[in-house]
Structures are given as C-alpha cells and as structure tokens.
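**Q** One structure is given below, represented as structure tokens, and several questions about it will come after.
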Amino acid sequence: MTHTRVPDTTDGQLSLLHGFGAARLPQADPERASSLPIARVILDAQLPHLDRYFDYAVPAAMDAEAQPGVRVKVRFAGREHAGFLAERVQEASTTATLLPLAKVVSPQQVLTPEILALATAVAARSVGTVSDVLRSAVPPRMARVEDEFDAPRAPGEPTAPPSEDTDPEAFDPEAPTDMLPVAAGQPASGGFRRYPNGRAFLQHLRAGESPRAVLTSLGGYGATAWHEEIADAVAAAASAGRGSVVVVPDQRDLARVEAALVARLGAPAVARLTGEDGATPRYRSFLRILHGAATVAVGTRSAAYAPVRNLGLVCLWDEGDDQHVEQRAPYQHIRDVLLLRAEQAGAAMLLSSFGRTTEAQRLVDIGWAHAIQADRTEVRRSTPRVLHAADAYQMERDPLAAQARIPHAAWAAAQAGLKDGPVLLQVARTGFSPALACDRCRHAARCGVCAGPLAQPGRNAPPACRWCGRPDSHWTCPECGGTRIRATVAGATRTAEELGRAFPGIPVISSAGEHIVDDVRDAPAVVVATPGAEPVAAGGYAAVILLDGNALLSRESLRAGEDALRRWISAAILARPSTAGGTVVITGDDDVAVGHLVRWDPAGAASRELAERHELGLPPAVRYAVLTGTREALTHFLDGLDTEGAVRVVGPAAVPPDVRREAVLAARAAAGPKRGPDRGSPPPADALAGQGSHRVLLFFSYRAAAGVTKLLRARRAALSARRTGEPVHIRLDALDVL
C-alpha cells in the first residue's frame, strides 16, 4: 500500500492523503498495547476511496476491550468517525505517526470475521463499499439490550453441541425420511416425499453434508405447506448440530415460516430478524444469534447476514420477489448474498419457490445446484385444473371472450366455486382506476405539474397524480384538447365494487394496497387481490380467476413474462387440487406464457426463457452494469477504463425524463415514514445525486466478471479521490432497467 505525503497545513488535517490515521504534527503517543498494538479500522464512510483499512494505535488502557469486531470511534480528518475494528496486527502499514483509538463504543464483537468476509465479497461483486454493506449486516446498537447479555464470546469458542434429543450417530441413510430423528418438537412433515430426490436432499443434510438445491414447491396446506418444507430442511440441518439462515420477502411469509420453525425446534432456537419489529427487538435477536443462544435466524433481507454459528444451511423463499433487492447502495440481491455465503461457509443451499427464475435455472444448468421437482403424476394430483379463457375452444363458444375483462369461462368458474367455498380474483393493480387516458384520442393522462400518471382513487373522487398527489379536476388533453377521461384498466377497488353487485348476498373481500388480508374463512366469499396480496384460504380456494393477464405481460420489462408467470402460479397454487374440484381460469393472449401455466411447467418456462437470453446475450446469461450520470461524466469514466475487450458497451443514451423523475421519487419514497433498516432508512447520497441524464450499459461474461467489477471499483475510487468531475452512479444486474 502506497502513501502520498501532502504539505503540512494548519487546519487540523492529517499529514497523509485522506488520513490513514496519521497525525499532522507529532502528538503525545499514549502507551500502546504490548501485543498486536495496531488496529485496522473500517470507517463508516460512503466515499469510494475510503473503502479500505486505516491503521490506528491501540492504547494499553483499551487492550482488553479493543478486540476484532467491536464498534470504535476514531479521529479522521479532524473529526470523530464511527467504525469497526476489523483486526489487530503487529506492524503498521505506514511509517507515519498513528493516532490512537479514540473510544471503544461497546465490547460486543458484533462484526464476526465470517460476516466481514461476506460483506467484502458482496461489495466486490456489487461494485460497492464494505461500509454500505455493513449498514445492512449489523443493526444499530441499543445499549440497554447489551446489558442483558454476558461478555462477548471468546475468539475460537466452539459452538453449542447438538440438542440432547438429537443423536447424530443414529443417522441411517436407508431409513425413510419421515422416520429420521429431528430436533425436539414436531416430526418431519413429509412434504419432501412428493419429489423424487427430496428425501436424498434431507438425508445429506442430516449427514452433515452441504447439498445445494432449487426446489419448485407444489405448495399445499397443513403438513405439505411450503413453510413446512423449509422447516423440514432446517430441522434436518439442526439434527446434525448445524445452524440455519432463512430469508423471506415480507412479513406475511415471515410469520408463517417462524411459526413452523418454532413448532419444530422450539422458540429458544429461533431468532427473528426484521426491521419492521423496531431497533430494540432486532438488536436483541441479533445478539441472541451472536452468542449462540439461537441457532436459526429467520427474517427479511438483513437476516442473510445473521452471525449464526456453525452455519450448515441457507434458505431463500420466493427468490423472484423484487423485495429481495436491497434498496440502498450497493443494491445487492439477497440471492447473491446467500450464494456467496454458502460458498464461503461450505453450507447447504435451498432456493425454494412455486415458480422458477432464470437465475435459478442457470444454477441448475451449470451444475451448481440440483433441481428438486415433482414428476408429472404428482403435479396432476396436487395442482388445480387450469383453463385458458381465450384458447381456441373457449373462443369458439364465446367469440367476445378476448374483449371481455371477465369472460364467460371465468364467470362460470366463479359461480360454481361459490357453491363450495371462497373464490379468488387476482387483478393487476390496486385502486379504483389506476390508469386514465383521454376519452377522445386515448393519450395517457398526465399531471400538468410533474408529468406523473393520473389515477382516480374512488368512484366520485377527482383525478390525482400518482407521483405528487396533486388533484387535477380540470385536466385538458395536450394532444387533442379533450376534457373527458376514461379508465384504461380497472383496479382492485373497482373490481370488488362491480363483483359485489354481480353476486348479491356474497361477502366481497378486497386485499390490496395499504389494506392486506392474511387469511379468509373456508366459506363462500369473493376475494379480490393484487399480486402478492392474496389471502390464504384454510382449505384452498374453490376457484381462482387470474384477470388482466395482458396488463401483466405488456409491462416494459425484460422480465415481464417471467414475472407474470410467477405471480400467476403463486395465486393459482392457493386453489384446491383438481381432485378436490379446484379450478383456475387465466385471461391473456400470450399462448406461450399461458401455456406453461396450463401445463404447470415453471421449470420448462425458465429453461426456455434462459435459452433465449443466451441467444440474445442478455441477463442472466451474462452480467451487466448500469452507469448513470451526465454524458461528460460517463465519457470521462469510460476513457480511463481498460477492459481489454471483455465488455460490450451500449450507449450512452439519454434517460427519459419520466424515468429519471420516477427513479428519484422511488429513492425518496424509500426514505419515507417506514420503519426499520430493511425498508425505511434514508438512501445514500448517490441514490439521488447519481440519477443523471444519460446511461451506459456494460455487458460482460461471468468469467470476466471479477476482473471487470474490480476495474469499476478502482476507477470509481480513483475519481472520488481526485474529486474531479461529476459522480457516476453504478448498479450491477439491476432488475428495473432492462
């Protein structure tokens, strides 16, 4: 590491470029610790050129408390900064005079070597800084909570032995899976028996091995529910004396998985990590895991970094859900975090969902993971019957089916289903009229102030902007001068209102937006929900109607078809199996996407989509980086980037003003009145400042990815250190760009 001297000044700045913990003038150096007197510190700083270790002297008075992993305060550039003590070494990396540590904030060693290595790998893969990743990995300190715990564990302290109820020596690979010993609590559910190689996966876990699998779950109710399958895998790892990490996208899924794990392993073994619970409960759960009191961490995104001892299994549920993408720099996907952690820890990996993403299919194709899925006989037995409302047979019977929002086949299925139980209708959007257009020329209705889309929140409510919220009662079309507007799509509220009139005497339940229902009774009712907000019926829905299929498929996104199929399957799986009369009706003109649902073939859909991406050179067949900034800043950035032909450059191209504004509003919304670091912490400065006027896309292979990301990090750090030009915002593998 090289150090550049700068002239001495009188403003209290450090004598080395950007600090490095060295004093400008010789100061009284307190007595240093006799052993390993140098502390290497990670500063809590967002500037890319500060993403490295800084050397500080360890005073003898702090020798006992200044252990790797503790929070510290240090003097840097004339001010006090927070950071983590990464390690202690015998020799400094510089000959300059070192400043001493200012303070050890807490003796708790909250940053373990494993999590530091993981954060470093995530930052390298995502072209981010380690401190940005650590903000998600380590929760804020709550001093009162620390008083509840004893002294931190000593380095190298062994993990807790397996439960007394578990005998690792009793493992019999020839025994049926559901007869194998498990941790204290309920026995295995047997859900994995539905898959030909499901038993083998659990057997490897119980033997203390580390299998990696992509599970296409058939769902079900009671013992065969998806969360019971995850509990089976965690219990199998626990029987071998190993801990687990389980990550889910939202609070509803978290409640179901947590209940299943507590029933299987007992409450003391399970710790819940989510920002929605507030800072104090989250930090208490974090310390329980850190001290080994809990062996299973379950939660939302931040749970991926839980310091579980002797980690044996990492699970991710519904990895296609966009809530798994971190909303703060470096915007990493939790799937990638868990893949890195499984590799580093030598742990097993389970990606489980009702559908299958192209990213998961790629892992299967390259042999990194094995596919666990049911055979066709079991699929036909466990899934509902699916009807396409616009196929040739239905069109012959009802020629207007393609134009009707609720075609005859859907009405017939709903009427028949209401005789036996609840009926679910999935609609694309929330609200009353979420999209408006000119009644004369069909031009989209936009706000006159911010150009945001206008929507009608209620039947008699005036149109209002979905971005800035301003009402617009006197809208005029800029194209034709018309003053009348029409709805281009009906939302959940309007659909529920219309169905209430169509089925008098039947309760109508709406689950969308701010009002989401978790469960409904097993009684006749019409349930209208948006994707992801569907309630669960105790015995399954008698019928599921999937409306607005074309609206989901027509989104301007590379993943429109993939996401639509995932949302359809996630709703259709809530219906009763075909053997119990369960029926699903899908509307939509795309025979390819709808055909995969009719055949219930998510694996085939993912394989077909991935093959097309390979032909076109698009993600996830390749990786890509999105560089956003002014044209001049992008040109300057790329001029100093020597990729030796490993990168395909597309752009620069102007970013549409509407897209830029929507990105800024989304970043500001992330800093709104939501609780917890998972959802509500303010975005870093580059989340807003980096939204420039132009964009460049860099496509590169996985083989070249390590070298390209290293070059991008180095180039950004160099420009940040020089403070020349405007910043360039970098995102890797963004889901919302292509």
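The values are calculated or read from the model by the stated rules, or taken from the named source; none is laboratory data. All figures in this text were calculated on a predicted structure; none of them were measured in a lab. Counting neighbours? That spans all protein chains shown, and the Cβs are built from the backbone with ideal geometry, glycine included. The protein model used for the area step is the full one, side chains on, heavy atoms only, and it has no ligands, DNA or RNA in it. Shrake-Rupley method; radii C 1.70, N 1.55, O 1.52, S 1.80 Å.
**Q** Quick query: amide H of Ala512 versus all other amide H atoms, modeled in the peptide plane; which residues come in under 5 Å with a sequence gap of 5 or more or a different chain?
**A** When sequence neighbours closer than 5 places are left aside, the close amide H contacts are Val517.
**Q** OK, next. How far apart, in nm, are the 7 Å Cα→Cβ label points at Val649 and Ala255?
**A** 5.2
**Q** Take Ala279 and Ala721, extend 7 Å from each Cα along the Cα→Cβ direction, and tell me the distance between the two endpoints in nm.
**A** Output for this residue pair reads 3.5 nm.
**Q** Quick check for you: which residues of segment 234-264 have the amide N under 17 Å from the point 7 Å beyond the Cα of His370 toward its beta carbon?
**A** Correct set: 234, 236-237.
**Q** Moving on. Between Thr95 and Tyr221, what length comes free when the chain is fully extended (0.36 nm per residue of separation minus the Cα-Cα distance, one decimal in nm)?
**A** Values: separation 126, 0.36 × 126 = 45.36 nm, distance 6.60 nm.
Taking Thr95 through Tyr221 to full extension adds about 38.8 nm, to one decimal.
**Q** Which ³J(HN,Hα) values, rounded to whole Hz and listed in residue order, are derived for segment 543-548 from phi using the Karplus coefficients 6.51, -1.76 and 1.60 in 6.51 cos²θ - 1.76 cosθ + 1.60 with θ = phi - 60°, glycine and proline given as x?
**A** Coupling constants for segment 543-548: 8, 10, 10, 9, 8, 6 Hz.
**Q** Of all beta bridges DSSP finds with both residues in segment 219-338, what is the antiparallel percent, to the nearest 5?
**A** Close to 5 percent.
**Q** Another question about this same structure. What nm value, rounded to one decimal, do you get for the distance between Ser693 and Arg470 when each label is placed 7 Å out toward the C-beta?
**A** It works out to 2.3 nm between the two label points.
**Q** A further question on this structure: With a cut-off of 8 Å between alpha carbons and a minimum separation of six or more residues, what is the relative contact order of segment 240-299 in percent?
**A** Numbers: 65 pairs, mean separation 28.5, N = 60.
Relative contact order of segment 240-299: 48 percent.
**Q** Also, I was wondering about something else. Whenever you get a sec, compute what percent of the accessible area on segment 572-627 sits on carbon and sulfur atoms (1.4 Å probe).
**A** Ligands and nucleic acids excluded, carbon and sulfur give 52 percent.
**Q** Taking amide H atoms as placed 1.01 Å from N in the peptide plane, list the residues 5 or more away in sequence, or in a different chain, whose amide H sits under 5 Å from that of Ala371.
**A** Amide H to amide H, under 5 Å and 5 or more residues apart or across chains, Ala371 pairs with Val214.
**Q** Now for a different question. From the phi of every residue in segment 35-43, what ³J(HN,Hα) in whole Hz does the Karplus formula 6.51 cos²θ - 1.76 cosθ + 1.60 yield, where θ is phi - 60° and glycine or proline is x?
**A** Couplings: 10, 6, x, 10, 9, 9, 10, 9, 7 Hz.
**Q** Let me have the relative contact order for segment 37-102, percent, based on Cα pairs under 8 Å that are six or more residues apart.
**A** 42
**Q** So, one more: When ligands, DNA and RNA are left out and all protein chains stay put, how many square angstrom of accessible area per residue does segment 518-615 have with a 1.4 Å probe?
**A** I get 35 Å² per residue for segment 518-615.
**Q** How much length, in nm to one decimal, is gained on full extension between Lys103 and Ser578, taken as 0.36 nm per residue of separation minus their Cα-Cα distance?
**A** Extra length from Lys103 to Ser578 when fully extended: 164.4 nm.
**Q** Can you send over the carbon and sulfur percentage of the accessible area for segment 265-385, probe radius 1.4 Å, protein chains only?
**A** Ligands and nucleic acids excluded, carbon and sulfur reach 49 percent.
**Q** Place a label point 7 angstrom from the Cα of Ala263 along the Cα-to-Cβ direction, then list the residues of segment 199-225 whose backbone nitrogen is under 15 Å away.
**A** 220-225
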